[in-house]
Amino acid sequence: MVGASFILLEHTLMTGEANQTASDTVISLVLSFLDRAKKYHRKDLQRLSEEHKLKEMTPRERMRLRKQQEADQKARELAAASAQNLQMNITRKQHLQELNRQSDVSQF
């Protein structure tokens with residue numbers, strides 16, 4: 001994507017066209033690339049900071065953090081499973097209600 005923007009920029013400069021929309025497009029592509037690079041850099045800094053914090057933690061703190069992360073992961077899995085179970089129960093209840101309505105209508 002960045003290569004395409006530079007080709008477009010070269011074409012604009014070589015042909016001498018003063019097409020404002022093309023230059024705006026190039027500028028927006030370059031700015032979006034730089035913004036993405038900044039976000040990746042921020043993520044790298046956060047990761048390095050977390051690694052540094054882990055190295056400075058005592059073994060007890062690292063164990064507590066690991067157990068907390070495992071408990072959080074288990075809670076997320078249980079929440080997803082319960083949401084799926086709830087949805088299955090709702091659909092089963094609706095199906096049974098529909099069957100009951102059909103059987104009530106057929107009796108008359």
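Karplus-based coupling profile of the range 99-105, in residue order and whole Hz: 5, 5, 5, 5, 6, 5, 5, with θ = phi - 60° in 6.51 cos²θ - 1.76 cosθ + 1.60 and x standing for Gly or Pro.
Using the Cβ-Cβ distance between Lys67 and Asp44 with R0 = 25 Å, the FRET efficiency computed as 1/(1 + (r/R0)^6) comes to roughly 0.40.
At 0.36 nm per residue, and after removing the present C-alpha to C-alpha distance, how many nm does the segment from Asp104 to Lys53 gain when stretched out fully?
Value of the extension gain: 11.7 nm.
A short reminder: the numbers here are calculations on the coordinates, not readings from a lab. This is a predicted model, so every value here is computed, not measured. FYI the Cβ positions are ideal-geometry reconstructions off the backbone, even for glycines, and counts take in every protein chain you see.
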